[in-house]
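Notes for the one structure printed next.
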Amino acid sequence: MTWVGRPVPRREDARFLRGEATYLDDLELPGLLEAAFVRSPFAHARLGAVDAGAALALPGVVAVLAGSDLDVLPLPVGGVEGGVVADAGHPVLARGKVRYAGEAVALVVAGSRALAEDAAELVEVDYEPLEPVLDPRAASAGPLVHDHVAENALVRWSRVHGDPEAAFAAAHAAVAQSFHIPRLVAAPIEPRGAIARHEPEVDILTVWCSAQDPHRPLAQLGHALGRDRDRLRVVVPDVGGAFGSKGAVGPEVAAVAAAAVELGVPIRWTEDRTENFLAAYQGRGLDADVELALASDGRILALRAALYADLGGYLYATTAVAPHTTAMLLCGTYRIPAVDVEVVGVATTKVPTGPYRGAGRPEAAFLIERMVDIAAGELGLDPAELRRRNFVPPDAFPYQTPLGWTYDSGSFERCLDAAVELGEVERRRVEQAWARAEGRVLGVGVGMYVERAAGLWESADLRVEADGRAVVRTGSSPHGQGHETTFAQIAADELGVDPEAVEIVWGDSGEVPPGIGTFASRSVAMGGSALVVAARELAARATQAGLSVAELAAAEGGVEASARFESGLVFASGAYVAVVEIDRPTGRLRVLSVAAVDDSGRIVNPLLAEGQVLGATVQGLGQCLVEEAVHDEEGQLRTASFADYSLLTAAELPAIEGRFVETPSPLNPLGAKGIGEGGAIATPAAVANAVADALAPFGVRHVDPPFTEAKLWRLLR
Amino acid sequence: MKPAAFAYDDPRELGHVLDLLAREGEDVKVLAGGQSLVPLLNFRLARPDRLVDLNRVEELAYLRRDGDVLRIGALARHADLERSEEVAAGWPLLAAAVRFVGHVQIRARGTVCGSVAHADPAAELPVALAALDARFHVRSARGSRTLGAEELFLGFLTTTLEPDELLVEIEVPAPPAGSGSAFVEHARTHGDFALGGAAAVVAGREARLALLAAGPVPLRAREAEEVVATRGSFPEAADAAVAALELTGPDADWRRALLRELALRALERAAA
């Protein structure tokens, strides 16, 4: 029986649907105290004295700690290849200055969360407000957010390849467009949170943390707290969603951990929704100027781009990654001989940004795919045809782009053909002609994408017991992906057992082997491949003995193997088609259909893969229709609750139809690439192209998302 | 997101509720479904000294047809309205409007009288009730009075109810014989706060029109009704409905166009 490739239902669903999952807030420890934070009301201010007298006088309040009370380092900053990154890590509690509204200034520990909030209101903080820095394009001339960071440039990266200047000079035509991609919030159903407990007799600090994996909290907390790995244990319980926003550990987690050591009591912080809006890192936030040089036959001769990323007040370990990824993927699925791309990651007085589903890839797809449509309009060519003339062809892989990454595999034209068929583009074009004759506003758009996925390494420990049951200890960690199902399918095939006989253990750094974590659509390609390597070692031993793995395990009283799997980046890809209609009297955008074609290499479980496509597409649609984190001129987040920041519901969703093209990756034994983010990457590009297509008869060439009613209504007047 | 401390009472009888509301020197709030009040408490935007919980006052939990009128008690839930066959048959505008109230969990808990007393101009039922010429019965330890919509709604989230008064019942007369009705709404997502909306009841040239999110209160568009009566033109009536609106903010022009379109659609559908 082969299990990989079958639509096995998620075995973990029974637990979740019955309410039997254990989230952070479900955990209980004896003597557990609760934390609340005093947060800055100003986007930018010098920080004066913190007076906790009145708060400490409330019965039941145990402690109020400010930045100067904790002996900790800021959270670590991460770099990007070939880039310069400033030393501007997020302080555990604000020191000297606050750099966004909502930044944690002091920690209150009390017998209950309600009491901690009462006390937090009584903490008096002196602030000297400073001018906020809000516009990433203007920030280089603004007041300095960090005294040591000139021109507020936290990250600089650039690359020139070929001779773009000559290409533009000699080009038949050139097109240029400026873009603004707003910030978004990840909005997981379960906000962030942590419990910290220190056992002084053994000096072990245990942190239960709603996170994407235990490894990065372990490394980041170890850095901030100055604590060795063997004195720190991180346990990730069931997690109610992350979408990238729980990859880098928040300063609040480090504060609670440091306080648990300092005070000698176990402490919990369960983030509330307001805190999550204000203080969890946001996604996207990019301004860009992009130009293409074109030959008369539609070949793209050169790409020029300047990107201004609105990074916020500090750098998390992953903050620089998203704009770097955007830059590196700007050539998309196209063979472009000359490039000149520059990124400035700008300090603004807003909450930092970080990875959110797609993490730089949706921005790249949006920019290049919009430019290709604008170029097609300029040349009077069909947008799909212009794409076909520029695709990296199937025989070119492995293909190194002029920006430096090497695409491992892909079938871009097959993906486009499949999407054009699935999205019924020909029929929709006829419908569009009729609709236009009736005064209706209909548009059809295509969006291609390339997704950097996987890379680095993961590990797996595998033990097969004498009774034939297998236990997989994986460094990869689920928060909605379905590891318990897919990893059991993989192990079952390799070991020749039933998936039900495979137990998956994850999340506790004291139990699982080292790893990096769950992000970048890498679980199956990396964690799954580590599992394959371990299982194949057992299978080889069994074959040598002339036995099955189960027989060998029975004979030896159980057998074990461990593996570490390492690989370069793999590149998933795909093509999406969106059809939209705009209601003229109200400006309301309706997405009528989305056709989603993803090439994620070999699919382990088509049911779960489809779930990933649907979920990611819905998040991509949200970005098009309603989502936008808006700051006012004082730097206050205006969209700080679900009353002001909308997420789509089932009622708004169009028909979404998916299909997979399977071009296996040569870089791992499963042939897997990534499936977690394609919908979020390609959907905004496809919908934006459809909106521009719909508005073309009104003389509109480009609209930035979100495509709100008021914006579209004005364009239609 | 925990409320500030408050005292709490859960009386069993209306008389006891009114006595508690009459106490001097305290800021007292009435808790019914809690779908607006509890978030305000959790955000600490509302900090009452005392909550009086109506949920155990059984005499207020009713929704019934009484001859030609519908009587909605203070504890009738949105879901009661939504599921009532009598409402669907006799007051289809209410049945249509209630489907736009939040989500199913909110409708299961939230009360019709609570929504009216909260007086959010973007709420559905106050607007539908205004279009139906509903009467609002108010009680206090001092006595009782009955108000029309235009006497009840004073401003944004503000009514003419005194601190010691409770909205105990809404009385909805039967719509005019042979009338049709329609409720239309525009929100970013289903169940989200309305950006605009309209409720219409039309019988020939007798039209009643009320607008959502068109000003500080649920708004009866009397000028538009007059235009239907005198000229019989829905597009002109829709123009008249929005002509006098005082809309502000960067999207005021779009909101006026939206409300005009929604008024027109409501009138046309009600007449269809």
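Every read-out reported here was derived from the displayed coordinates using simple, explicitly stated rules and does not represent laboratory data. Nothing here was measured: the structure is a model prediction, and the numbers come from that model. Here the Cβ positions follow ideal geometry from the backbone for every residue, glycine too, while neighbour counts run over all protein chains shown.
Distance between the C-alpha centres of the range A:180-253 and the range B:12-51: 40 Å, rounded to the whole angstrom. The distance between label points at B:HIS190 and A:ALA545 comes to 5.8 nm (points 7 Å beyond Cα on the Cα→Cβ vector).
Given a cut-off of 28 Å, name the pairs among A:LYS350/A:LYS711; A:LYS350/B:LYS29; A:LYS673/A:LYS711; A:LYS97/A:LYS246; A:LYS246/A:LYS350 whose C-alpha atoms lie farther apart than that in the structure shown.
A:LYS350/B:LYS29; A:LYS673/A:LYS711
Put a dot 7 Å past the Cα of B:ARG205, heading toward its Cβ, do the same for A:GLU201, and the two dots end up 9.3 nm apart.
With 0.36 nm allotted per residue and the present C-alpha distance subtracted, the A:GLU438-A:ASP87 stretch has 120.5 nm of extension available. Ranked by how many other Cβ atoms sit within 10 Å of their own Cβ, fewest first, the residues A:GLU634, A:GLU581 fall in the order A:GLU634, A:GLU581. For the range A:388-525, what class follows from the C-alpha gyration tensor (a ≥ b ≥ c being the square roots of its eigenvalues): rounded when a/c is under 1.5, otherwise prolate if a/b is larger than b/c, else oblate? Taking the square roots of the gyration eigenvalues as a ≥ b ≥ c, the range A:388-525 is prolate.
Membrane-span-like helices in chain A (whole DSSP H runs, Cα extent of at least 24 Å along the helix axis, mean Kyte-Doolittle hydropathy of at least -0.5): A:361-379, A:606-625, A:678-695. Counting, for every residue in A:698-711, the Cβ atoms of other protein chains within 10 Å of its Cβ and taking the mean gives 2. In this structure, B:ARG12 and A:SER158 have a Cβ-Cβ separation that, at R0 = 51 Å, corresponds to a calculated FRET efficiency of about 0.10.
For the segment A:408-420, counting C-beta atoms of other chains within 10 Å of every residue's C-beta and taking the mean gives 0. Taking 0.36 nm per residue of separation and subtracting the current Cα-Cα distance, fully stretching the chain between A:ALA466 and A:GLU121 would add 118.3 nm. Relative to the dominant Cα principal axis of chain B, helix B:234-243 is inclined by about 50°.
Can you tell me the dipole magnitude for chain A around its Cα centre, using point charges on the Cβ only (Lys, Arg +1; Asp, Glu -1), in Debye to the nearest 20?
Its charge dipole is roughly 1440 debye.
Note on A:LYS711, A:LYS673: ascending count of other Cβ atoms within 10 Å places them as A:LYS711, A:LYS673, the fewest first.
Of interest is the spacing of the C-alpha centroids, which for the range B:238-272 and the range A:643-717 amounts to 31 Å. The HN-Hα couplings worked out from phi for the range A:285-290 by the Karplus form 6.51 cos²θ - 1.76 cosθ + 1.60 (θ = phi - 60°) are x, 8, 10, 8, 10, 10 Hz, whole numbers, x standing for Gly and Pro. With coordinates expressed along the principal axes, the C-alpha atoms belonging to the range A:341-402 extend over 43, 31, 23 Å, beginning with the largest. Where in the range A:589-611 does the label zone of A:LEU716 land, with the point 7 angstrom along Cα→C-beta and an amide N cut-off under 14 Å? Counting backbone N atoms under 14 Å from the label point, the list is A:589-592. The range A:1-31 and the range B:177-226 have their alpha-carbon centroids 46 Å apart. Peptide packing: for A:268-275, A:516-523, A:464-471, the average count of neighbouring Cβ atoms within 10 Å per residue gives the ranking A:516-523, A:268-275, A:464-471, highest mean first.
Placing unit charges on the Cβ atoms of the charged side chains and taking the dipole of chain A about its Cα centre, the candidate lying farthest along the positive direction among A:TYR334, A:ALA685, A:PRO669 is A:TYR334. Tilt of helix B:222-231 relative to the longest C-alpha principal axis of chain B, in degrees (0 to 90, nearest 10)? It works out to around 30 degrees.
Can you pull the mean other chain C-beta count within 10 Å for peptide A:640-652? Provide the component values of the computation, followed by the final result.
Values: counts 0, 2, 2, 4, 3, 1, 6, 3, 3, 5, 2, 5, 4.
The shielding value for this peptide is 3.
Between 0 and 90 degrees, the angle of helix B:252-271 with respect to the longest Cα principal axis of chain B falls at about 80 degrees. Ranked by the mean number of other Cβ atoms within 10 Å per residue, highest first, peptides A:700-709, A:398-407, A:235-244 order as A:235-244, A:700-709, A:398-407.
Of the three principal axes defined by the Cα atoms of the range A:239-372, the extents in descending order read 71, 28, 22 Å. With a cut-off of 19 Å on the backbone N, the residues of the range A:170-190 near the modelled label site 7 Å out from A:TYR23 along Cα-Cβ are A:185-190.
With a ≥ b ≥ c the root eigenvalues of the C-alpha gyration tensor of chain A, is it rounded (a/c under 1.5), prolate (a/b larger than b/c) or oblate? Spell out each step's value before the answer.
Details: a/c = 1.77, a/b = 1.14, b/c = 1.56.
Oblate shape, in that a/c is at least 1.5 and b/c is the bigger or equal ratio.
DSSP beta bridges confined to the protein assembly as shown are antiparallel in about 80 percent of cases. Fewest-first ordering of B:LEU259, A:LEU278 by other beta carbons within 10 Å of each residue's beta carbon gives A:LEU278, B:LEU259. The overall shape of the range A:38-187 is prolate: from the C-alpha gyration tensor, with semi-axes ordered a ≥ b ≥ c, the ratio a/c is 1.5 or greater and a/b exceeds b/c.
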